[in-house]
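J.: Structure provided below as structure tokens; questions to follow.
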Amino acid sequence: MTPEPYRALRTSLSGFIPGHRLITDPLRLLTWGTDASFYRLVPAIVVVVEAENEVRQLLAACAQVAAPITFRAAGTSLSGQAITDSVLMLLGDGWRGCTVSPDAGTVALQPGVIGAAANARLARHGRKIGPDPASIDAAMIGGIAANNSSGMCCGTAQNSYHTLAGIRVVLADGTVLDTGDPASRAAFGERRPDLVHGLDALARGVRENAALAARIRHKFRMKNTTGYSLNALVDFEDPIDVLAHLMIGSEGTLGFISEITYRTVPEYSHKASALILFDDIETACRAVTCLSSAPVAAVELADRAALRSVEGKPGLPESIGALGPGGAALLVETRAADGTALAAQVAEVQKTLAGIHTAEPVRFSTDPQECARFWNVRKGMFPSVGAMRKLGTTVIIEDVAFPVQRLAEATLDLQQLLAAHGYPEAIIFGHALEGNLHFVFTQDFNVPAEIERYRGFMAAFCRLVVEKYDGSLKAEHGTGRNIAPFVELEWGAEAYALMRSIKRLFDPEDLLNPGVILNADPEAHLKHLKPLPACDPIVDQCIECGFCEPKCPSRGLTLSPRQRIAGWREIARLDHSGEDAPRAAELHQLYDYHGIDTCAGCGLCATACPVGIETGILIKALRGRRASPLAHRVADFVADHYGATTAGVRMGLGAANVLHGLIGTRAMQGSLDGLRKLSGGALPKWSPALARPAHFAPGRRDAIPRGVERVAYFPSCAARNMGAQRGRDGTDALPVVAERLFAKAGFGVLYPQPLAELCCGQPFESKGLAAAADRKSAELEGALREASEDGRLPIVFDTSPCAYRMKRYLGGRLAIQDSIEFIHDTVLPRVTVERKTTPVSIHPVCSVRKMGTVDRLEGIAGRCSAEVITVSEVLCCGFAGDKGFNRPELNEHALRHLKAALPARCSAGYSTSRTCEIGLSEYAGYPYESIIYLVDECAKPAVDRRQPAR
Ligand SMILES: Cc1cc2nc3c(=O)[nH]c(=O)nc-3n(C[C@H](O)[C@H](O)[C@H](O)COP(=O)(O)OP(=O)(O)OC[C@H]3O[C@@H](n4cnc5c(N)ncnc54)[C@H](O)[C@@H]3O)c2cc1C
Ligand code: SF4
Ligand code: SF4
């Protein structure tokens, strides 16, 4: 961004938005500007807002220079409605407000709340929000409401429009209206009589036009997100209610939603699912018609191609393979408040289907795991096509609704149309009860002939849906840029003119997300297509959906996983084409910090990615490629002299501790922060929670008395060398405590040798030094084999990231247990635990999340304390081995919500990684240490056991 008017705009914005929230560097403009659609526009400036007043000022500043503005929530939109080449407004942390009413009948939500987080708050009341897009784990309330999103269960009855209880909006001129506040409603009439009278006149006009009113009612009996929510004009008489409901589905083109209050809906805990196979689509659709009056929450249809795309996935019956080419399936779910009601519903559904021929008998399952597998397979259908696509092509998901009674005919027509336009890989699935089908296909946008093919297909598809079925071209994903050229085709000239009048009333200057929903350009859907060039096989299958973003500790500081991939794609494109070398050089330079240095390498992105991408692996590979030959040689040297290196670290910790004792925390912090600043960040950060050197000497093998069970125990290098923080005098080193605890459970400890030289390889792996990492892992494997008598004895690690690394490295050759697993499964059953009454907080580190042992960690803590707090806002702490010293801003950013989420009465925290505990202690304001300390404190031997001599 530099050209006018954006230079002037930036200057005026800097009067009320701090510089770090005005993004103008080319890397973040490109990557933060990316959404999940197949369109690309690069914003001229990105502005992060924290409060409503900033939104108002920003709107005024944009109006002054006539700069269009686009609002963004999570950027998971698929139709091109969340992108811009002008001002992109993102939400900062200040928009996460969630207030549940006393009876949980309503919930007031700010637009930055993730849908799933709102549901997590409501779950304890047996309620949830109505809208249920498949993207709910990433999508935010602002986008869910502005797209009028819906999903498998909500139908039309529970979408944002129909569950809206109140809304607070900021209009283009800065006027704020809070529809739940009578004073605000009254003031609005005074301030914006033009809008109130204008909407009143439009609504009256529609009500007086019986044919138009009937058409609007007819079209909204189906799911429909094409154009504006014209049903507001027939459903409401008060212009303020009309306005409130027009905001739903307005895609940021009528104003900013700064809060929305939903009526909540029940969330039943008793569920049963059945995957029902049919020989042909007609029979499946006949079953749908019957099921429409049965007690079902969801009925998902999948055609044969969709089933083929997931055939062989765990949890699916093998009989799918035997279905003929015209076969289909329905995935049906029924939900009830209790088991008895559920059983009655299952019986009723089965009775409903009794007269319909199915490929095999209908069987419902109430096993949560089996049901989850069915639904996960269903959710994986879109990504499965994305993952199989040819490099460089795009995966497109379309979203259409037909009258449900014509679903079979429409599905067959769609199949034929896709085949006729050369999309043999296309699959069709969708929410059958609503007649809402999604079809997914891959498309090359790199050659003009392919764009022409897409043009031809879109024209034919839109005609089919509108002229033959009078269906909706977009049922739930929003109009965006993709269907904007076809809104008039679907709605007709009269309704389209009405939409234009609405836009003019709200936004006469056309500055709010122009080009979205209404677009006079008949080619708009073919412009600004996003390139998806090959950049690295590790991430080439990325569909830029954004599902990984909420997991990432660096999101909002530098880049999220999706943004790292989008950035690397552009760099690869420029490098490959040789185009614009100065821009390529600038992007490379920016990527070093934003992409590479500030990735924690935590791998949590993979836990949310529908195609299983771990962006951290790409980043570690780039670190390895970036490292100089000297750096690789230094790594080899360190690997070969590990004991001496860690002794050096211990000396450094000792020196820092002595100095800390001499000059005190404040002076230490002040001087070392100053030195770090002077060094331009080259010196590591000092933390008042820094570890002191550990004092630990491993016991002798022959010291374990005869008859005592043995365990091979590997204390990590951090556990061996980093002791408790200053102020925790008299605290034993972790291995000493672990030995003591294991003894209480009747185990003597054997250490792999030579212990001081051993390392799992994790510190090398995280720097991309794969060869040194694997060498250390191999050494450790040998030592563990010997100590464990070739795996006959249990092998226990005290540090979760190291356990995780070795588990992956060994691939099952030796069974490794993390301390959480060993304590939960083996130690606790053998000891007596005295429960504390004081609360404890725990932090499951990333590897614990990836190993799936969070429940067991919580279980251990729950045995030891009456109150256990896990802070759901904090996933990865961002300390990442040594990043907490070298890139401390990542740790600070990742833990910015920690302290506020901890109750003041809590003063003890527990985790399973010593380095992570340094940052956690600093930002919580009280020490975090290994969970082993807590268990040791509370545990007593269940029987009188002989203690092993040390
Ligand atoms: C894999 C995948 C599956 C999906 N499945 C579904 C599905 O099942 N059902 C469905 O409906 N959608 C689905 N979507 C599309 C999308 O995820 C949803 O529409 C989602 O609700 C968008 O929310 P968001 O937070 O990402 O909004 P964004 O994409 O950030 O924004 C959406 C629109 O809202 C506007 N907006 C954002 N915040 C505000 C605000 N505060 N005030 C006014 N306007 C605002 C934006 O300008 C934009 O036009 C899917 C997407 C993907 C990638
Ligand atoms: S890495 Fe996975 S989750 Fe993230 S944007 Fe790409 S496909 Fe989506
Ligand atoms: S590895 Fe962690 S820090 Fe890196 S991109 Fe993935 S989630 Fe973000």
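Readers should treat all values here as calculations from the given coordinates under stated rules, not as data from a laboratory. What you see is a predicted model; the values in this text were computed from it and never measured. Here Cβ is always computed from backbone atoms with ideal geometry, including for glycine, and neighbour counts include all displayed protein chains.
J.: If I histogram all Cα-Cα distances within the chain using bins 20 Å wide from 0, what percent of pairs lands in each bin?
T.: Bin by bin from 0 Å, the calculated values are 13, 41, 35, 11, 1.
J.: Between Val65 and Glu237, what length in nm is gained on full extension when 0.36 nm per residue of separation is reduced by their alpha carbon distance? Before the final figure, lay out each step's value.
T.: On the way: separation 172, 0.36 × 172 = 61.92 nm, distance 3.63 nm.
This chain segment gains 58.3 nm when fully extended.
J.: In nm, give the distance between the simple-model label positions of Thr870 and Ala497, each being 7 Å from the Cα along the Cα-to-Cβ direction.
T.: For the pair Thr870/Ala497, the computed spacing is 6.0 nm.
J.: Calculate log10 I(q)/I(0) of segment 816-950 for q = 0.10, 0.13, 0.22 Å⁻¹, where I(q) comes from the Debye formula with a single equal point scatterer on each Cα and nothing for solvent.
T.: Debye output, listed in q order: -0.33, -0.55, -1.33.
J.: In vacuum, with every alpha carbon of segment 172-289 counted as one equal point scatterer, what does the Debye formula give for log10 I(q)/I(0) at q = 0.12, 0.21 Å⁻¹? Two decimals, please.
T.: Evaluating at q = 0.12, 0.21 Å⁻¹ gives log10 I(q)/I(0) of -0.63, -1.23.
J.: For segment 678-829, build the convex hull from the C-alpha positions and give me its volume per residue in Å³. Spell out each step's value before the answer.
T.: Values: hull volume 20.2 nm³, N = 152.
About 133 Å³ per residue, rounded to a whole number.
J.: Taking the alpha-carbon centroid of each part, what is the distance from segment 252-322 to segment 35-89 in angstrom?
T.: Between the Cα centres of segment 252-322 and segment 35-89 lies a distance of 34 Å.
J.: What are the DSSP H helices in the chain that stretch 30 Å or more along their long axis, judged by alpha-carbon atoms, and whose average Kyte-Doolittle hydropathy comes to at least -0.5? If you can, show how the numbers build up before the last one.
T.: Numbers: long enough: 642-678 (33 Å, 0.27).
Helices passing the filter in the chain: 642-678.
J.: Moving on. Over what distance in Å are the Cα centres of segment 823-848 and segment 607-639 separated?
T.: 33 Å
J.: What number results when the radius of gyration of segment 428-558, computed over Cα atoms, is divided by 2.2 N^0.38 Å?
T.: Working: Rg = 17.8 Å, N = 131, 2.2 N^0.38 = 14.0 Å.
So segment 428-558 has a normalised radius of gyration of 1.27.
J.: Have a look at the DSSP beta bridges in the chain and tell me what percent are antiparallel, nearest 5.
T.: Here the antiparallel bridges make up roughly 70 percent for the chain.
J.: Just to confirm a number: summing +1 for Lys and Arg and -1 for Asp and Glu over residues other than Leu164 whose beta-carbon lies under 13 angstrom from that of Leu164, what do you get? Kindly include the intermediate steps, with their values, before the conclusion.
T.: Values: positive: Arg168, Arg263; negative: Asp235, Asp241, Glu259.
Counting the neighbours of Leu164, the net charge comes to -1.
J.: Which distance in nm do the two modelled labels at Ala572 and Glu523 give, with both placed 7 Å along the Cα-to-Cβ direction?
T.: 3.0 nm
J.: Additional query: Determine Rg/Rh for segment 363-503; Rg is computed over alpha-carbon atoms and Rh is the Kirkwood hydrodynamic estimate from the same atoms.
T.: Numbers: Rg = 16.9 Å, Rh = 16.7 Å.
Ratio of gyration radius to Kirkwood radius for segment 363-503: 1.02.
J.: Moving to a separate point now. If we count every other residue with Cβ under 14 angstrom of Leu532's Cβ, Lys/Arg +1 and Asp/Glu -1, where does the sum land?
T.: Working: positive: Arg40, Arg389, Lys390, Lys530, Arg562, Arg569, Arg573; negative: Asp35, Asp444, Glu450, Asp536, Asp540, Glu544, Glu570.
Summing Lys and Arg as +1 and Asp and Glu as -1 gives 0.
J.: Determine which aspartates and glutamates satisfy two conditions relative to Lys390: a Cα distance under 13 Å, and not lying fewer than 8 residues away in the same chain.
T.: Glu425, Asp444, Asp540
J.: So what are segment 576-655's ellipsoid semi-axes, whole angstrom, largest first, if each one is the square root of 5 times an eigenvalue of the alpha-carbon gyration tensor?
T.: Its equivalent ellipsoid spans semi-axes of 32, 20, 13 Å.
J.: Moving to a separate point now. Using r as the Cβ-Cβ distance of Ala901 and Ser269, and R0 as 25 Å, what FRET efficiency do you calculate, to the nearest 0.05?
T.: Details: r = 26 Å, r/R0 = 1.04.
The calculated FRET efficiency here is 0.45.
J.: Based on Cβ point charges of +1 for Lys and Arg and -1 for Asp and Glu, what charge dipole magnitude is obtained for the chain about its Cα centre, in debye rounded to the nearest 20?
T.: Values: 102 positive and 104 negative charges, 535 e Å.
It works out to roughly 2560 debye.
J.: Looking at segment 1-120 only, what percent of DSSP beta bridges run antiparallel? Nearest 5 please. Walk me through the intermediate numbers first.
T.: Working: 5 of 13 bridges.
Antiparallel bridges make up about 40 percent of those DSSP assigns within segment 1-120.
J.: Quick query: amide H of Ile869 versus all other amide H atoms, modeled in the peptide plane; which residues come in under 5 Å with a sequence gap of 5 or more or a different chain?
T.: Counting only residues 5 or more places away or on other chains, the set is Val840, Ser841, Ile842.
J.: Excluding residues fewer than 8 places away in the same chain, name every one of the aspartates and glutamates whose C-alpha is closer than 18 Å to that of Lys351.
T.: Cα-Cα hits under 18 Å: Glu333, Glu360.
J.: Same structure again: Specify, per residue and in Å³, the volume enclosed by the convex hull of the alpha carbon atoms belonging to segment 1-128. The partial results should precede the final answer.
T.: Details: hull volume 15.0 nm³, N = 128.
Considering the Cα atoms of segment 1-128, their hull volume per residue is 117 Å³.
J.: Can you compute the modelled spin-label distance between Ala585 and Arg221, with each label point 7 Å from Cα toward Cβ, in nm?
T.: 6.6 nm
J.: Moving on. Applying a 10 Å radius around every beta-carbon, put 65-72, 344-351, 598-605 in order of their mean neighbour count, most first.
T.: Details: 65-72: 20.9, 344-351: 16.1, 598-605: 24.5.
Descending packing order for the listed peptides: 598-605, 65-72, 344-351.
J.: Of Lys620/Lys677; Lys685/Lys767; Lys219/Lys468; Lys551/Lys677, which ones are farther than 24 Å apart at the Cα?
T.: Checking Cα-Cα distances, Lys620/Lys677; Lys551/Lys677 exceed 24 Å.
J.: List the lysines whose alpha-carbon lies under 20 Å from that of Lys836, not counting same-chain residues fewer than 8 positions away?
T.: Within reach: Lys744, Lys940.
J.: Among residues other than Leu323 whose Cβ falls under 12 Å from its Cβ, what is the net charge (Lys/Arg +1, Asp/Glu -1)?
T.: On the way: positive: Arg304, Arg308; negative: Asp279, Asp280, Asp303, Glu311, Glu318, Glu360.
With Lys, Arg at +1 and Asp, Glu at -1, the net is -4.
J.: Okay, helix-only estimate at 222 nm for the chain: each DSSP H run of n ≥ 4 adds -39500 (n - 2.57), divide by all residues, round to 500 deg cm²/dmol; what do you get? Walk me through the numbers on the way to the answer.
T.: Numbers: 38 runs with 393 residues, N = 950.
It lands at -12500 deg cm²/dmol.
J.: For segment 253-312, compute Rh as the Kirkwood radius over C-alpha pairs and then the Stokes-Einstein diffusion coefficient at 20 °C and 1.002 mPa s; write the answer in µm²/s, rounded to an integer. Intermediate results must be reported in sequence, preceding the final value.
T.: Working: Rh = 15.4 Å.
D, rounded to a whole number, is 139 µm²/s.
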